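Engineer: Here you go, one structure.
The values are calculated or read from the model by the stated rules, or taken from the named source; none is laboratory data. Remember, predicted model here, so these are calculated numbers, not experimental data. Here the Cβ is made from the backbone with ideal geometry for all residues, glycine too, and neighbour counts use every protein chain on show.
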Amino acid sequence: MARMVCLWLPNWPLQRLRHERPELKTRPVVLFSNTGNRGPRVVAWSAAIKGSCVQNSKLAEVVSQVVPALCPPILNFERTTPHVLAIGMPLAEAEALLAGRDVPAHIEQHDPAADVAGLRELAHTCNVFSPLFGIEEASSPECVLLDVTGCEHLFGGEQNLVAALVNDFQQRGFQVRAALSPTIGAAWATAHYGSPTPCGSVDPRMRPNQPNHKGLGDANLEEMLAPLPVTALRLPRKIVETLHELGLHRISQLRALPRESLPSRFGPELLKRLDQAFGDAPELLVAERPAEPIAVTWVTDEPLTDRESLRFVCRELLDELMNQLKPRREGVRQLFCQVKGTAARPVELLVSLVSPCDIAKHLLELLGLQIDRADLPEGISFVRLEATRIESLATRQRDLFGLEANTDTHREVSSLLDRLSNRLGATAVVRAATVPDAQPELSVAHVPCNLIDSQASGAASAQWHSLCRQSSRHIPCAVATSQADGTWNVPATFRWQARPLRLFAPPQRIEATTAGPEGAPMHFRWERREHRVIRSWGPERIETGWWRDQSICRDYFRVETQTGHHLWLFRCFDQAAWFIHGAFD
Amino acid sequence: MVASHIIADLSQRIRTMERTGQRCATKSDLTANGLPGLERLLCEAGWPRGGLVEWLAEGRGTGSMGLALWASRAAWHDSLLVMIDSQRELYAPAAIPFAVDLSKTVFIRPERPPDALWSLEQALRTRGVGAVVCDVEQLSPQACRRLQLAAETGGGLGILLRPAKARGQPSFAEYRFLVQPLPQPDARLAAVAGASRRWRVELLRGRKRFGGDSVIVELSDGPNGLSLAAQLASATPAA
């Protein structure tokens, strides 16, 4: 008999969002969808929105009124905490209800495709438990299914297997419920509506260290499923409502009805689901396949001696690689190249791209830039190229500096950035963003243009966009900037000549004579020349808090020298010295 | 009207002949000059697309870079600006008042001077790059020619910031300007005018005209950002 595990991740869209962006864990989150023609509607929301109780849906209301015991067990989870919102509520109403809270709610559009992709990715991590894994077939899947037939002895019994599975997910920060049953339908039902065991898994029939499955025969299945509500059968909402209208709430009540009459009364779906749950009708687990690595290898007995031959080999390999990728309509985002010589350690080169590419020539050019600089071993006898990151060419519409995607210009610019990043290093090709920090040298962040990791790039691009928003024309609010006369001055507007175009790092120490102890400099010596100050503006005090490791306290002056040059000097109070920090170039 | 048409046609043909490549300088080949007053030094109404402009200045803190950025800001209006910063000194927030949109700007920070030159050429050769700003200390005539050809291919504007000692070197740039900061003459203004600077901009040489002319420009900080100081909008050539 088959052994199926259903792993339910309640409220998966929210779990996924919070797993990807941990900063949302402390904030209420509302997801809305725009699919209907009645404007944006709430699809999911998180806890931390508590208040007067409004039931999630009409269905839940009916169930709870009629048979309170049939409600899904309390999970200490968002779906069952009292809420002020309701699924299907107009977004505007939800916003109005949430207005005026201490923590502003994060409102985002629901992305069903990302949810399915995320669940699929998660399913792949289950391959340590079973070679056959997949996700449930539903419009918005929330379950990972595993066929663990014959796998339990590897974990010392079924209970241990399920416990290990649940533990694995919990350690990664997911909230899960798992159940093991002979059929997918029964596993789904118990995962959703069975009574939970301390470890989070659900299987009322499971006995520890009992590897044979005979204890869980058809009779037991019947006994297990009978008290569960009809919603546990994965039925469309409409059928459930009809059943409730007829007073049919439990599966046992359905089983008591004559089997032949069910399709004519409720349609074929009900009987199919019922049979699937009890194992009378087959249900296939559509298994996810692990992606095969796309790699090509070249081995020879006669070692290569020069770079030119290596390039030739690489070209051949890249052509082969592209032929593998072409039918999939995918491009390389990251390419890993391993070159082994006779003795030395293998040389490993990594080519990262701004956008996916399926042109062997371009990849060869990028690889060539690295080959030219690499310290290659003597006598190369092994070359391996692997596409370590692949992305779809068609669907990816990256917004690169506001250029329209998939145009010639876009391609040329991304190719330029690829070349620059691969020759100069990723940290040398950057975008800049202002950061709200009073200390000038810390108030700018440099973000590499080709971030490869999707999670990192998502986070970085979110960070980037938030930084860009702050930086329109305003310098970020300083932590503590005050005029020397004691009045507080927040430099709200970032004006011309407020900050120099060139900032020296680190500031250069100079000798200066001043008008008074707090006064502006009058003469200073810099780059082996005397400079006389004819005009000066300031002081602008920039001071950071004591909580910094290295707090600063500086009085900045913009000075004009007798030659008309404008420079940015400061008096450092800690060291009682003058520094030059920048030039208004 | 007929006469003016003929003149326009003839001057167009002259320009076509003057251009090295086959491309002719029509209006679409020009980027607006953002610095009124400077047009006295230019042959056409703006900056050539696909050309180099050199801005020479003595020492640091002259303001030449800001002036160059402000004058050519139309070049990266709807495309990418590349700033090559081999000294790792450029302070991005300070470029915002000079119409630099940080979300459409790439900073390249090469470690060696040959890499800077290579990046400059690569960026100039790319269509979609509106302008490239780079400090260039040493530039051989061959390298300069390469840059000029790269700019013609890509169609962007190459803004080369160079030291004043480069004035004697041969060049393939469309224009070579020398920027000299002028101290504020008026002591009364000096007390209040924190945000105005003036420069003498001298055309050392141009591809299509002789150098020697100069103008005085002044920038001041108005409510809508930078503007040309009013009294200098009608400045006469000073040299």
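Engineer: Kindly indicate whether A:ALA583 is within 14 Å of chain B (Cβ to nearest Cβ), within 19 Å of B:PRO93 (Cα to Cα) and surrounded by 13 or more Cβ atoms within 10 Å (Cβ to Cβ). Give the derivation first.
Structural biologist: On the way: within 14 Å of chain B (Cβ to nearest Cβ): yes; within 19 Å of B:PRO93 (Cα to Cα): yes; surrounded by 13 or more Cβ atoms within 10 Å (Cβ to Cβ): yes.
Criteria met by A:ALA583.
Engineer: Also, I was wondering about something else. Going by the conditions given, is B:GLY59 within 14 Å of chain A (Cβ to nearest Cβ), surrounded by fewer than 22 Cβ atoms within 10 Å (Cβ to Cβ) and in contact with a His (Cβ under 9 Å, 6 or more places away or on another chain)?
Structural biologist: Details: within 14 Å of chain A (Cβ to nearest Cβ): yes; surrounded by fewer than 22 Cβ atoms within 10 Å (Cβ to Cβ): yes; in contact with a His (Cβ under 9 Å, 6 or more places away or on another chain): yes.
Yes, satisfied.
Engineer: Right, here's the next one. Regarding the stretch B:23-30, can at least one residue be identified that is more than 13 Å from B:PHE177 (Cβ to Cβ), touching a strand residue (DSSP E or B) at 6+ places or on another chain (Cβ under 6 Å) and at pLDDT below 90?
Structural biologist: Of all residues in the stretch B:23-30, those more than 13 Å from B:PHE177 (Cβ to Cβ) come to B:23-30.
Restricting the remaining residues to those that are touching a strand residue (DSSP E or B) at 6+ places or on another chain (Cβ under 6 Å) gives B:30.
Checking the rest, the ones that are also at pLDDT below 90 come to B:30.
Yes, the stretch B:23-30 contains at least one residue that is more than 13 Å from B:PHE177 (Cβ to Cβ), touching a strand residue (DSSP E or B) at 6+ places or on another chain (Cβ under 6 Å) and at pLDDT below 90.
Engineer: In addition: Looking at the stretch A:506-553, which of the residues that are within 14 Å of another protein chain (Cβ to nearest Cβ) and of a type in the set (Gly, Ala, Ser) is nearest to the chain's Cα centre (by Cα)?
Structural biologist: Result: A:GLY538.
Engineer: Residues of the stretch A:567-577 being surrounded by fewer than 24 Cβ atoms within 10 Å (Cβ to Cβ) and either in a strand (DSSP E or B) or of a type in the set (D, E, K, R) (or both), which ones?
Structural biologist: Residues of the stretch A:567-577 that are surrounded by fewer than 24 Cβ atoms within 10 Å (Cβ to Cβ), as a first pass: A:572-577.
Hits for the stretch A:567-577 are A:CYS572, A:ASP574, A:ALA577.
Engineer: Turning to a different aspect of this structure: Can you say whether B:LEU117 is among the hydrophobic types (A, V, I, L, M, F, W, C) and within 8 Å of chain A (Cβ to nearest Cβ), as far as the supplied structure shows?
Structural biologist: Values: among the hydrophobic types (A, V, I, L, M, F, W, C): yes; within 8 Å of chain A (Cβ to nearest Cβ): no.
So B:LEU117 does not fit the description; no.
Engineer: What residue, among those in the stretch A:489-505 that are closer than 16 Å to A:CYS572 by Cβ and at pLDDT 90 or above, is farthest from the other protein chains (Cβ to nearest Cβ)?
Structural biologist: Within the stretch A:489-505, the first condition is being closer than 16 Å to A:CYS572 by Cβ, and the residues that meet it are A:503-505.
After this cut, where a residue has to be at pLDDT 90 or above as well, the list is A:503-504.
On the way: A:LEU503: 4, A:PHE504: 6 Å.
Filtering the stretch A:489-505 for residues that are closer than 16 Å to A:CYS572 by Cβ and at pLDDT 90 or above, the one farthest from the other protein chains (Cβ to nearest Cβ) comes out as A:PHE504.
Engineer: Scan A:LEU376, A:LEU385, A:LEU349, A:LEU335 and give me the residue that is within 22 Å of A:HIS410 (Cβ to Cβ) and either in contact (Cβ under 8 Å) with a residue 40 or more places away in the chain or assigned by TED's automatic domain parsing to the domain that holds A:LEU321 (or both). Spell out the reasoning first.
Structural biologist: Details: A:LEU376 fails: within 22 Å of A:HIS410 (Cβ to Cβ); A:LEU385 fails: within 22 Å of A:HIS410 (Cβ to Cβ); A:LEU349 fails: within 22 Å of A:HIS410 (Cβ to Cβ).
A:LEU335 is the lone residue from the list that is within 22 Å of A:HIS410 (Cβ to Cβ) and either in contact (Cβ under 8 Å) with a residue 40 or more places away in the chain or assigned by TED's automatic domain parsing to the domain that holds A:LEU321 (or both).
Engineer: Out of the stretch B:91-121, which residues are without any contact (Cβ under 8 Å) to a residue 24 or more places away in the chain and in contact with a strand residue (DSSP E or B) (Cβ under 6 Å, 6 or more places away or on another chain)?
Structural biologist: Listed by number, the residues that qualify are B:TYR91, B:ALA92, B:PRO93, B:LEU102.
Engineer: Going by what's in this entry, would A:VAL413 be described as buried (at least 16 other Cβ atoms within 10 Å of the Cβ), modelled with pLDDT of 85 or more, within 13 Å of chain B (Cβ to nearest Cβ) and in contact with a Cys (Cβ under 9 Å, 6 or more places away or on another chain)? I'd like the intermediate steps shown before the answer.
Structural biologist: Values: buried (at least 16 other Cβ atoms within 10 Å of the Cβ): yes; modelled with pLDDT of 85 or more: yes; within 13 Å of chain B (Cβ to nearest Cβ): yes; in contact with a Cys (Cβ under 9 Å, 6 or more places away or on another chain): no.
In short, no.
Engineer: Any chance the stretch B:95-109 includes a residue that's in contact with a Lys or Arg (Cβ under 6 Å, 6 or more places away or on another chain) and more than 10 Å from every other protein chain (Cβ to nearest Cβ)?
Structural biologist: Scanning the stretch B:95-109, I find at least one residue that is in contact with a Lys or Arg (Cβ under 6 Å, 6 or more places away or on another chain) and more than 10 Å from every other protein chain (Cβ to nearest Cβ), so the answer is yes.
Engineer: Same structure, new question: Hey, does the stretch A:296-305 have a residue that's in contact with a Cys (Cβ under 8 Å, 6 or more places away or on another chain) and surrounded by 16 or more Cβ atoms within 10 Å (Cβ to Cβ)?
Structural biologist: So the first thing to find is which residues in the stretch A:296-305 are in contact with a Cys (Cβ under 8 Å, 6 or more places away or on another chain), and the list is none.
Looking for residues that are in contact with a Cys (Cβ under 8 Å, 6 or more places away or on another chain) and surrounded by 16 or more Cβ atoms within 10 Å (Cβ to Cβ), one finds none in the stretch A:296-305, hence no.
Engineer: Taking only the stretch B:192-222 into account, find how many residues are at pLDDT below 80 and facing chain A (nearest Cβ under 10 Å).
Structural biologist: 7
Engineer: Among the residues of the stretch A:251-274, is there at least one that is of a type in the set (Val, Ile, Thr), surrounded by 12 or more Cβ atoms within 10 Å (Cβ to Cβ) and over 30 Å from A:SER130 (Cβ atoms)?
Structural biologist: Of all residues in the stretch A:251-274, those of a type in the set (Val, Ile, Thr) come to A:251.
After this cut, where a residue has to be surrounded by 12 or more Cβ atoms within 10 Å (Cβ to Cβ) as well, the list is A:251.
Add one more test, that the residue is over 30 Å from A:SER130 (Cβ atoms), and what stays is none.
No; the residues of the stretch A:251-274 include none that is of a type in the set (Val, Ile, Thr), surrounded by 12 or more Cβ atoms within 10 Å (Cβ to Cβ) and over 30 Å from A:SER130 (Cβ atoms).
Engineer: Next question, about the same structure. Output the strands (runs of 3 or more DSSP E) that fall wholly within the stretch A:111-189 and possess 1 or more residues being within 21 Å of the chain's Cα centre (by Cα), or say none. Break it down stepwise before answering.
Structural biologist: Details: elements: A:132-135, A:143-147, A:177-181.
Per the criteria, A:132-135, A:143-147.
Engineer: Could we say that A:ALA462 is outside any loop (DSSP other than H, G, I, E, B), surrounded by fewer than 16 Cβ atoms within 10 Å (Cβ to Cβ), modelled with pLDDT under 85 and not assigned by TED's automatic domain parsing to the domain that holds A:PRO327 here?
Structural biologist: Values: outside any loop (DSSP other than H, G, I, E, B): yes; surrounded by fewer than 16 Cβ atoms within 10 Å (Cβ to Cβ): yes; modelled with pLDDT under 85: yes; not assigned by TED's automatic domain parsing to the domain that holds A:PRO327: yes.
Spelling it out, A:ALA462 is indeed outside any loop (DSSP other than H, G, I, E, B), surrounded by fewer than 16 Cβ atoms within 10 Å (Cβ to Cβ), modelled with pLDDT under 85 and not assigned by TED's automatic domain parsing to the domain that holds A:PRO327.
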